[in-house]
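Student: Structure below; questions to follow.
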Amino acid sequence: MAANMFPHIIYSSFIFLALTNLNLVNALSTNYYDQTCPSAESTITSVVKKAMLNDPTVPAALLRMHFHDCFIRGCDGSVLLNSSVKHKAEKDGPPNISLHAFYVIDNAKKALEALCPKTVSCADILALAARDAVTLSGGPTWDVPKGRKDGRVSKASETRQLPAPTFNISQLKQSFAQRGLSMEDLVALSGGHTLGFAHCSSFQNRIHNFNSKQSVDPTLQSSFAASLQRVCPAKNTAKNAGANLDSTPTTFDNRYYKLLLQGKSIFSSDQSLVTSANTKALVTKFASSQQEFQKAFVKSMIKMSSISGGQEVRLDCRVVN
């Protein structure tokens, strides 16, 4: 593993530098569609709202999809592209197999193509849908800078660059730094885990055969660990078994941070945020103030979602023009 790390780091850094340079050319703007498609945002919001009424897991799915898009080649909608017979796209890479709700982006795109053809990029639709997912779940709202272009490249192999739920704090800091994101961005954006659900495979390492001396991760609160073992036994065969990421999985709040301080986090990567003094101080700050968390989250979301690098406005979000 170690032998392969450095080329991977250099490659990721190169990608980030390339995206940063592209971003200087394709500057984003909050009023980008004011003249060309003034009802773009309200159209997307209405599609997200409708989907949420039918499926309460949609907000978490859209937010995660946006994160996974931005961390590979920037926020260019490459996660939306379909695989072909000869080529496996990002959405079919191991970390993305559980992504869902792509139909929400398709529905928004269809509505926008009818209103303003060839105007609104799929990458912008996803960024706006992720914002709506947060707002409609009781979280903050913000002006999303727009003008992203859609990418033409999507490789399943590149999903290895996504931060894994088993990452320790140094791996997380490195992954975020390669994308120009700070330690505060890391802790604030991890708060996205206030929404959603995790499958057993993502946290099995903490509740069975943790190490040679302990079966369970000692940082897990004991009764919480026992409850996770009940839903995810060692030889789990239930395909959809797992646990909510916090106790209010459809509400965007700061409960995630409160539970983190109690030893009730789901992923190793979540737990790692309290293993460093600097990140633990931020966790404590966000746990004690929902307002501070929301302010930091908005700032970090705008920063992350502004890493762009596409070339076109796709007519169909699943295929290049």
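Student: Where the second residue is open to solvent by 90 Å² or more (accessible area, probe 1.4 Å) and the first is within 12 Å of G196 (Cα to Cα) and lies in segment 49-65, which pairs have Cβ atoms under 9 Å and are six or more apart or on separate chains?
Tutor: T57/F197; A60/F197
Student: A further question on this structure: Can you tell me which residues in segment 265-275 are open to solvent by less than 20 Å² (accessible area, probe 1.4 Å) and farther than 25 Å from L62 by Cβ?
Tutor: S272
Student: Also, I was wondering about something else. Report, by residue number, each residue of segment 110-131 that is surrounded by fewer than 24 Cβ atoms within 10 Å (Cβ to Cβ) and not hydrophobic (A, V, I, L, M, F, W, C).
Tutor: K110, E113, P117, K118, T119
Student: Can you tell me which residues in segment 39-63 are charged (D, E, K, R) and closer than 14 Å to R131 by Cβ?
Tutor: Once the filter is applied, which keeps residues that are charged (D, E, K, R) and closer than 14 Å to R131 by Cβ, segment 39-63 yields E41, K49.
Student: I'd like the residue in segment 135-163 that is of a type in the set (A, V, I, L, M) and under 20 Å from L195 (Cβ atoms) and, out of all such residues, is surrounded by the most Cβ atoms within 10 Å (Cβ to Cβ).
Tutor: Only one residue tops the list, namely V144.
Student: Same structure, new question: Tell me whether segment 144-153 contains one or more residues that are assigned to a helix (DSSP H, G or I), touching a residue at least 12 places away in the same chain (Cβ under 8 Å) and under 20 Å from G74 (Cβ atoms).
Tutor: No, segment 144-153 contains no residue that is assigned to a helix (DSSP H, G or I), touching a residue at least 12 places away in the same chain (Cβ under 8 Å) and under 20 Å from G74 (Cβ atoms).
Student: Any residue at all in segment 294-315 that is open to solvent by less than 30 Å² (accessible area, probe 1.4 Å), modelled with pLDDT under 95 and among the hydrophobic types (A, V, I, L, M, F, W, C)?
Tutor: Scanning segment 294-315 turns up at least one residue that is open to solvent by less than 30 Å² (accessible area, probe 1.4 Å), modelled with pLDDT under 95 and among the hydrophobic types (A, V, I, L, M, F, W, C).
Student: Another question, then. Which condition does T194 not pass, out of (1) open to solvent by 40 Å² or more (accessible area, probe 1.4 Å); (2) within 13 Å of the chain's Cα centre (by Cα), if it passes all the others?
Tutor: Failed condition: (1).
Student: A further question follows. Does segment 205-228 hold any residues that are outside any loop (DSSP other than H, G, I, E, B) and buried (at least 18 other Cβ atoms within 10 Å of the Cβ), and which are they?
Tutor: Matches in segment 205-228: R206, I207, A225, L228.
Student: Please go through segment 164-185 and give me each residue that is open to solvent by 40 Å² or more (accessible area, probe 1.4 Å), assigned to a loop (DSSP other than H, G, I, E, B) and not polar (S, T, N, Q), ordered by number.
Tutor: P165, F167
The values are calculated or read from the model by the stated rules, or taken from the named source; none is laboratory data. Note that the structure is predicted; figures quoted are calculated from it, not measured. Virtual Cβ from ideal backbone geometry, glycine too; neighbours counted across all protein chains shown. Note: accessible area is taken over every heavy atom of the protein model, side chains too, but ligands, DNA and RNA are not part of it. Shrake-Rupley method; radii C 1.70, N 1.55, O 1.52, S 1.80 Å.
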